[in-house]
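Visitor: First the structure, which I've put down as structure tokens, then a few questions once you've had a look.
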Amino acid sequence: MDSFLSSIYRNINLTVFVREQGGQFKPCSPLPDWLVFFLAKQSDLGRYNLVEAFPYLSCFIEDAEQHWQAKYSKPLSSGVWIEIDELEHELPLEACVMWVDGQEVLLLQQLGEKYTHDLSRLQQVRNSLLTQEMLESEVKRRTLEIRKREEEIAIKLVSLTSLRDEETGAHVRRIGLYAAVMAKALAWNAEDIDTIRVAAPMHDIGKIGIPDRILRKSGVLNDEEFNVMKKHTEIGAAMLRGTKIPILNMAADIALNHHERWDGTGYPRGLADEAIPMSARITTIVDIYDALVHERVYKKAIPEEEALNLMREMAGRHLDPHLLKLFLSLLPAMRRIRLEVQEVNEEAQEGEVLEEICV
């Protein structure tokens with residue numbers, strides 16, 4: 001059996017020591033050639049001061065003492081350290097201590113090529129992860145560039161309607177910010193939150209196809225004029241569809257459906273309940289809120305509480321009652337957007353509010 005164990009110890013470059021009184025270590029297995037070099041300066045009594053031979057162990061021996069005193073049989077590792085042998089080769093070593101049959105045992109192993117191979121493998125994994133991280137960073141950078149271009153296109157499209165409609169630039173920006181707040185509260189992912197922020201302001205883009213005599217009429221529209229005005233939903237959707245750009249696809253859904261009603265009495269298709277895209281239901285709520293509390297050339301602003309009471313009356317008929325409840329719970333954020341995003345320096349104000357939405 002001793003010959004059998006000795007063969008194993010040699011093959012795995014492992015030496016077993018038992019610590020005796022006085023802190024000396026007695027080997028319980030044959031000393032391998034590589035170890036003789038480090039212990040040669042010590043006495044030949046068969047007991048060695050391993051801390052003197054390997055100064056690194058001085059950092060480990062205090063933890064080892066506590067481990068032995070607690071009589072733990074589970075090994076405690078020193079971690080790997082490097083020594084230089086007589087041939088100037090690097091030797092990766094590791095010590096483990098444990099309590100075995102009433103004795104303080106220390107195992108000293110020369111890890112050899114296995115350690116080198118493991119280290120090489122880890123380095124390859126690290127390099128692979130770094131490469132992947134660099135690729136992901138590049139993809140993210142390019143995605144942001146694409147998103148920025150898409151947003152610039154969207155803003156240009158919205159600006160076309162502002163030349164003919166009475167809606168202000170601050171109004172359409174607030175619509176996007178309100179919608180983003182609701183999307184975040186609904187736990188949408190960051191990309192979709194950003195998408196609705198840019199898409200929602202395009203809800204009325206189809207008004208560019210409505211004649212000025214109807215679009216700019218100060219009085220109430222008659223039935224014929226109103227039927228023409230309703231076409232702006234389909235015109236907007238037709239303008240925005242047919243691309244692979246997520247912002248424009250969501251904007252098309254919003255443009256087509258933001259006048260649909262929860263009870264099915266809206267237009268252009270008479271959709272009801274959850275058949276109406278959520279992005280459109282969100283936009284309807286925030287558009288009504290902003291329109292009620294702000295002055296327009298054709299109406300005076302009304303106090304917020306009065307506006308909210310009107311919207312509560314619309315719940316279950318015009319508006320999605322569940323989303324309206326969410327909107328009302330988010331009023332502090334909505335008020336901040338309403339008060340800060342005004343016509344003066346609106347872009348800087350929008351940036352400050354947007355930064356908080358994305359946090």
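The values are calculated or read from the model by the stated rules, or taken from the named source; none is laboratory data. Here the structure is a predicted model, which means the values were calculated and not measured. Every residue, glycine among them, receives a Cβ derived from its backbone with ideal geometry; neighbour counts consider all protein chains shown.
Visitor: Only one of these conditions is not met by D223: (1) under 22 Å from R335 (Cα atoms); (2) over 32 Å from the mean Cα position of the chain (by Cα); (3) among the acidic types (D, E). Which number is it?
Guide: (1)
Visitor: For region 212-239, name all the residues that are in contact with an Asp or Glu (Cβ under 9 Å, 6 or more places away or on another chain) and not charged (D, E, K, R).
Guide: Residues of region 212-239 that are in contact with an Asp or Glu (Cβ under 9 Å, 6 or more places away or on another chain), as a first pass: 213-217, 232-233, 236-237.
Scanning region 212-239 gives I214, L215, H232, T233, G236, A237.
Visitor: If you go through region 88-109 one residue at a time, do you hit one that is aromatic (F, W, Y) and modelled with pLDDT under 90?
Guide: At the first step, the residues of region 88-109 found to be aromatic (F, W, Y) are 99.
Right, trim to modelled with pLDDT under 90 and you get none.
For region 88-109, residues aromatic (F, W, Y) and modelled with pLDDT under 90: absent.
Visitor: List the number of the failed condition for T233; all other conditions in (1) crowded, with 19+ Cβ neighbours inside 10 Å; (2) over 21 Å from D290 (Cα atoms); (3) of a type in the set (S, T, Y) hold.
Guide: (2)
Visitor: If you don't mind, there's one more thing I want to ask. Only residues that are β-branched (V, I, T) and at pLDDT below 80: list them for region 132-181, please. Please lay out each step first, then the result.
Guide: So in region 132-181, the residues β-branched (V, I, T) come out as 139, 143, 146, 153, 155, 158, 161, 168, 172, 175, 181.
Of everything in region 132-181, those that are β-branched (V, I, T) and at pLDDT below 80 turn out to be T143, I146, I153, I155, V158, T161, T168.
Visitor: When D85 is evaluated against the numbered criteria (1) touching a residue at least 40 places away in the same chain (Cβ under 8 Å); (2) over 27 Å from R47 (Cβ atoms), which criterion, by number, is the only one it fails?
Guide: Just one mismatch for D85, condition (2).
Visitor: Restricting the search to region 23-40, which residues are of a type outside the set (A, V, I, L, M, F, W, C) and either part of a loop (DSSP other than H, G, I, E, B) or surrounded by 15 or more Cβ atoms within 10 Å (Cβ to Cβ) (or both)?
Guide: Keep residues of region 23-40 that are of a type outside the set (A, V, I, L, M, F, W, C), which gives 23-24, 26-27, 29-30, 32-33.
If the condition is that a residue be of a type outside the set (A, V, I, L, M, F, W, C) and either part of a loop (DSSP other than H, G, I, E, B) or surrounded by 15 or more Cβ atoms within 10 Å (Cβ to Cβ) (or both), then G23, Q24, P27, S29, P30, P32 are the ones that fit.
Visitor: Can I ask one more? When you go through (1) touching a strand residue (DSSP E or B) at 6+ places or on another chain (Cβ under 7 Å); (2) at pLDDT below 90; (3) of a type in the set (K, R) one by one for K41, which number turns out not to apply?
Guide: Condition (1) is where K41 drops out.
Visitor: In this structure, is A252 touching a Lys or Arg at 6+ places or on another chain (Cβ under 9 Å) and of a type in the set (A, V, I, L, M, F, W, C)? Show your work before the answer.
Guide: Working: touching a Lys or Arg at 6+ places or on another chain (Cβ under 9 Å): yes; of a type in the set (A, V, I, L, M, F, W, C): yes.
Here the answer is yes, as A252 does meet what is asked.
Visitor: Oh, and also: Of the residues in region 1-22, how many are at pLDDT 80 or above and surrounded by 14 or more Cβ atoms within 10 Å (Cβ to Cβ)? Give the steps one after another, and end with the answer.
Guide: Applying the first criterion (at pLDDT 80 or above) to region 1-22 yields 13-22.
From the residues that got through so far, the ones that are surrounded by 14 or more Cβ atoms within 10 Å (Cβ to Cβ) too are 13-19.
Counting residues in region 1-22 that are at pLDDT 80 or above and surrounded by 14 or more Cβ atoms within 10 Å (Cβ to Cβ) gives 7.
Visitor: Give, as residue ranges, the helices (runs of 4 or more DSSP H) completely inside region 205-263 that count at least 1 residues that are of a type in the set (K, R) and assigned by TED's automatic domain parsing to the domain that holds I193.
Guide: On the way: elements: 212-215, 223-229, 232-240, 246-257.
The qualifying helices (runs of 4 or more DSSP H) are 212-215.
Visitor: Within region 41-71, restricting attention to residues that are within 43 Å of the chain's Cα centre (by Cα) and either surrounded by 15 or more Cβ atoms within 10 Å (Cβ to Cβ) or hydroxyl-bearing (S, T, Y) (or both), which residue is nearest to E20 (Cα to Cα)?
Guide: That would be A64.
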